[in-house]
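Chemist: First, the structure itself, so that you have it in front of you.
Every number in this text was worked out from the coordinates using simple rules, so none of it is lab data. All figures in this text were calculated on a predicted structure; none of them were measured in a lab. Cβ coordinates were reconstructed from backbone atoms using ideal geometry, including for glycine residues, and neighbour counts include every protein chain displayed.
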Amino acid sequence: MDTLTTFLNSFLPEGLATLIVILLKIIAILLPLILAVAYTTFAERKIIGYMQSRMGPNRVGPKGWLQPIADTVKLMFKEIITPTRSSKVVFFIAPMLALAPALAVWSVIPFWDGGVLANVNAGLLLILAINSLDVFGIILAGWASNSKYAILSSLRVGAQVVSYEIAMGFALVGVLMVSGSLNLTEIVRAQSGGLFGWNVWPLFGLFVVFFISGVAETNRAPFDVAEGESEIVAGFHVEYSGMAFALFFLAEYASMILISTLTALLFFGGWLSPFGTSMDDIPVLGFLMGDGFHWLLLKAMFFLFCYLWFRATFPRYRYDQIMRLGWKILIPVTLVWIFGEGVAIALGWQPWL
Amino acid sequence: MTFELFIFYVFSAVTLFSAVRVVTARNPVYAALFLILAFFTSAATWVLLEAEFLGVVLVLVYVGAVMVLFLFVIMMLDINIDILKEGFTRYMPLGILVAVAVAAEMILVMKSKTFDRPIPEAAPLDSSNTEALGEILYTEYVYPFEIAAVILVVAIIAAIALTLRRREGVKKQDQGAQIRTRKEDRLRIIKMKTEAKQGER
């Protein structure tokens with residue numbers, strides 16, 4: 001990357017070269033991400049298919065591998081219909097508002113040591129803040145559609161996301177108490193030292209709370225009351241078609257991948273290898289077993305699989321049960337855990353040192 | 001003009017435009033949306049000032065939570081704009097009076113000695129103002145901070161107590177009772193002899 005910058009600097013004004021390099025980095029992050037989103041939809045249909053003793057999509061391309069491409073092409077050529085008496089501007093801004101935060105968050109995610117677009121000091125806070133903007137897309141989509149089902153769904157989502165954000169924020173407080181930093185790279189570095197250095201062990205309760213509220217934040221099953229098919233047709237995106245509908249899907253899956261990656265980074269040591277540095281001296285095996293991007297990918301993929309697994313396993317929560325779980329169980333758990341953690345840090349107990 | 005200055009002007013222009021639109025927009029939902037935009041761009045200006053903690057918290061608290069609830073309420077209200085606009089000319093003089101008073105007060109405050117101090121030296125880039133803020137909040141200003149927290153809790157409890165009402169005869173599930181049920185409450189296993197099929201006698 002540095003050689004590219006110096007090469008561009010040789011014939012371009014300084015600001016422009018920096019801008020081009022940043023844009024290239026953004027493309028290098030977003031293109032694989034969008035590809036990952038496309039194939040997550042494929043993986044979801046396949047995995048849930050096998051869990052329900054079906055084959056899943058297997059007609060387009062070898063073993064169905066071209067299915068996501070076919071879906072995208074189909075969605076792109078579909079007509080976009082606007083409901084009558086809807087507010088047109090908001091109707092089209094809403095899907096963009098849903099997608100933009102889901103993509104913007106990736107700017108502060110480190111993929112390996114130093115492999116990050118913007119190494120921000122308050123990275124964790126920034127993620128929380130941008131993530132909280134996700135909900136606007138859904139709320140506005142519901143309102144702009146001029147449809148009763150859509151607005152019911154957006155009211156549900158608003159209440160749910162605001163509630164679970166609190167639990168999620170508290171879980172993050174626990175993480176930053178242990179690592180003493182809001183910078184994601186620092187948080188991962190603080191977990192070095194092999195499998196038992198990871199944050200899951202001292203913060204197991206917070207990990208569970210974080211992942212549950214992550215599932216709720218992304219409106220995935222079993223917390224998908226926003227699109228409860230049996231109650232409100234398809235929820236906030238009933239009136240959307242074509243690419244506008246696809247943007248909501250893109251946003252949802254990008255957030256899913258984000259929550260999985262964050263869980264891996266915050267609690268499972270990110271790119272750190274579970275074996276620590278013990279095998280670094282072995283020639284080929286050392287490269288595979290040492291720290292690297294592949295570990296982050298593996299961990300994130302596991303949590304992404306959990307998302308699909310949940311969807312195939314759990315029935316949908318009732319709305320009042322969601323509220324009870326968020327306010328009466330998850331938030332008290334985090335509060336007690338953080339208090340205990342604070343005492344332990346003050347007394348200097350080992351796992352938190 | 002440096003790049004930073006350019007960004008500053010862009011954000012300021014957007015902030016001013018959206019702040020004006022908050023007042024002039026006909027539809028209250030649009031007004032709320034412009035308020036969100038105003039918050040967001042001012043947060044961006046704060047980040048430009050290297051006050052990243054404040055900027056992020058502005059987005060997190062106001063945009064991410066307060067405005068969501070705001071939109072919630074506005075979306076559910078059926079607002080008739082004609083009635084709102086009624087008597088505009090009648091209240092106009094009073095409105096102007098209030099506006100002038102507020103503007104005069106703000107100018108007086110900004111001109112006062114508290115704000116008339118030299119601009120402090122910018123902190124070095126690698127220092128974290130989140131940490132600095134936390135340190136000062138929990139040492140020097142610990143009592144005001146804690147008192148503010150207690151007042152907020154009191155306000156929350158008061159708001160809940162004021163709006164909480166129990167209606168008689170509402171048919172809804174009691175979650176506590178649902179969770180406490182055991183198998184024995186619902187299921188009864190009966191031992192009985194097998195009966196002969198019909199016509200087998």
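Chemist: Classify the protein assembly as shown: rounded, prolate or oblate, from the alpha-carbon gyration tensor (a ≥ b ≥ c, eigenvalue square roots; a/c under 1.5 rounded; otherwise prolate if a/b is larger than b/c)? List each step's numbers first, then the result.
Modeler: Numbers: a/c = 1.39, a/b = 1.14, b/c = 1.21.
In terms of gyration-tensor shape, rounded.
Chemist: Right, another one. Top mean-square fluctuation among B:T15, B:T24, B:T89, Gaussian network model of chain B, C-alpha springs under 10 Å?
Modeler: Top of the fluctuation ranking is B:T89.
Chemist: While we're here: Rounded to the nearest 10 degrees, what's the angle between the helix B:129-138 long axis and the longest principal axis of chain B, both from Cα atoms, 0 to 90?
Modeler: So the helix axis and the longest Cα principal axis differ by about 80 degrees.
Chemist: Would you mind checking the pairs A:K148/B:K171; A:K328/B:K171; A:K46/A:K74; B:K85/B:K111 and listing those with alpha carbons more than 26 angstrom apart? Spell out each step's value before the answer.
Modeler: On the way: A:K148/B:K171 24 Å; A:K328/B:K171 22 Å; A:K46/A:K74 19 Å; B:K85/B:K111 36 Å.
Too far apart for the 26 Å limit: B:K85/B:K111.
Chemist: Reachable lysines from B:K183, Cα under 20 Å, same-chain residues fewer than 8 places away excluded?
Modeler: The qualifying lysines are B:K191.
Chemist: Further question: Within a 10 angstrom radius of each residue's Cβ in A:124-135, how many Cβ atoms of other chains show up on average? Whole number is fine.
Modeler: That average works out to 5.
Chemist: Here's another thing I want to ask about it. Calculate how steeply helix B:28-48 sits against the longest principal axis of the alpha-carbon atoms of chain B, using the helix alpha-carbon long axis, and give the answer as 0 to 90 degrees to the nearest 10.
Modeler: 60 degrees
Chemist: Sticking with this structure for a sec: Ignore the peptide's own chain and count Cβ atoms of other chains within 10 Å of each Cβ in B:46-59; give me the average, rounded. It would help to have the intermediate numbers written out before the result.
Modeler: Working: counts 0, 3, 0, 0, 1, 0, 7, 4, 0, 4, 11, 4, 1, 7.
That average works out to 3.
Chemist: In region B:1-88, which GluC sites (Glu not before Pro) fall in coil by DSSP and have 16 or fewer other Cβ atoms within 10 Å? Write down the numbers at each step before the final one.
Modeler: On the way: sites: B:E4, B:E50, B:E52, B:E86; in loops: B:E50, B:E86.
Qualifying residues, ordered by number: B:E50, B:E86.
Chemist: Could I ask something else about it? Once you have a ≥ b ≥ c as the square roots of the Cα gyration tensor eigenvalues for region A:140-251, tell me rounded if a/c is under 1.5, and otherwise prolate or oblate according to whether a/b is larger than b/c. Intermediate values should be presented prior to the final figure.
Modeler: Details: a/c = 3.05, a/b = 2.61, b/c = 1.17.
Prolate.
Chemist: First check a/c for region B:1-117, with a ≥ b ≥ c the square roots of the eigenvalues of its C-alpha gyration tensor; if it is under 1.5, answer rounded, and if not, answer prolate when a/b is larger than b/c or oblate otherwise.
Modeler: In terms of gyration-tensor shape, oblate.
Chemist: If you don't mind, another one. Could you work out the helix-only [θ] at 222 nm for chain B, with each DSSP H run of four or more residues adding -39,500 (n - 2.57) and the total divided by the number of residues, to the nearest 500 deg cm²/dmol?
Modeler: It lands at -20500 deg cm²/dmol.
Chemist: Per-residue ellipticity at 222 nm for chain A, helices alone: DSSP H runs ≥ 4 residues times -39500 (n - 2.57), over residue total, nearest 500 deg cm²/dmol?
Modeler: Helices in chain A give a 222 nm mean residue ellipticity of -21000 deg cm²/dmol.
Chemist: Can you give the net charge of the other residues whose Cβ lies under 11 Å from the Cβ of A:W271, counting K and R as +1 and D and E as -1?
Modeler: 0
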